[in-house]
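The values are calculated or read from the model by the stated rules, or taken from the named source; none is laboratory data. Keep in mind it's a predicted model, so treat the numbers as computed, not measured. Cβ coordinates were reconstructed from backbone atoms using ideal geometry, including for glycine residues, and neighbour counts include every protein chain displayed.
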Amino acid sequence: MTPFTARVIEVIQQIPEGKVMTYGQIAREAGSSRAARQVVRILHSMSRKYQLPWHRVVNAKGEIAVQDDESAELQCLFLQSEGVELLGNRRIDLETFQHHPNAD
């Protein structure tokens, strides 16, 4: 495992219940601001193994980015069960629910 991958896993594990982070934000926190797509791949391949709270990761607009309808609905349910309110079509108000590791 690369140091970047290990750091991404660590950042995702530290997202508190009821908060979200974006793919790009996680990449920046892990040390590579241009690696948002790599964060997607890490989430896809390692969520089960490391029990990552994958549902707490959204795109830069605060939208559920999972393409599979069943997984997207599951992500919505998980977030709502943690108190995250969804706006309109699977979108989260980042001003309210975004986790900022060094500011929260």
Where a residue in the range 1-20 is closer than 16 Å to G31 by Cα and its partner, wherever it lies, is of a type in the set (D, E), with Cβ under 8 Å and at least six apart: R7/E29; V11/E29
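Which residue is surrounded by the fewest Cβ atoms within 10 Å (Cβ to Cβ), if the candidates are limited to the range 1-49 and must be among the hydroxyl-bearing types (S, T, Y) and closer than 21 Å to C76 by Cα? Give the steps one after another, and end with the answer.
Restricting attention to the range 1-49, the residues satisfying the condition of being among the hydroxyl-bearing types (S, T, Y) are 2, 5, 22-23, 32-33, 45, 47.
Adding the requirement that they be closer than 21 Å to C76 by Cα leaves 22-23, 45, 47.
On the way: T22: 22, Y23: 21, S45: 10, S47: 16.
Across the range 1-49, the extreme among qualifying residues is S45.
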Pair list, Cβ under 6 Å, 6 or more apart: the range 77-90 residue assigned to a helix (DSSP H, G or I), other residue not hydrophobic (A, V, I, L, M, F, W, C): F78/H55; L79/H55
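Look through the range 11-50, keep the residues that are in a helix (DSSP H, G or I) and among the polar types (S, T, N, Q), and return whichever of them is farthest from F97 (Cα to Cα).
Taking the range 11-50 as the starting set, the residues that turn out to be in a helix (DSSP H, G or I) are 11-13, 23-29, 36-46.
In the following step, the residues that additionally are among the polar types (S, T, N, Q) were identified as 13, 25, 38, 45.
Values: Q13: 16, Q25: 14, Q38: 23, S45: 25 Å.
The selected residue is S45.
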P101 surrounded by fewer than 20 Cβ atoms within 10 Å (Cβ to Cβ), modelled with pLDDT of 95 or more and either assigned to a helix (DSSP H, G or I) or out of contact with any Leu (no Cβ under 7 Å at 6 or more places or on another chain) (or both): no
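Whether any residue in the range 51-69 is assigned to a loop (DSSP other than H, G, I, E, B), modelled with pLDDT under 90 and surrounded by 13 or more Cβ atoms within 10 Å (Cβ to Cβ) is what I want to check.
Step one: of the range 51-69, the residues assigned to a loop (DSSP other than H, G, I, E, B) are 51-53, 59-62, 64-68.
Those still in the list that are modelled with pLDDT under 90 too: 65-68.
Within this subset, residues satisfying the condition of being surrounded by 13 or more Cβ atoms within 10 Å (Cβ to Cβ) are 65-66.
There is at least one residue in the range 51-69 that is assigned to a loop (DSSP other than H, G, I, E, B), modelled with pLDDT under 90 and surrounded by 13 or more Cβ atoms within 10 Å (Cβ to Cβ).
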Test: E85 is acidic (D, E) and either touching a Ser or Thr at 6+ places or on another chain (Cβ under 9 Å) or closer than 17 Å to Q13 by Cβ (or both): yes
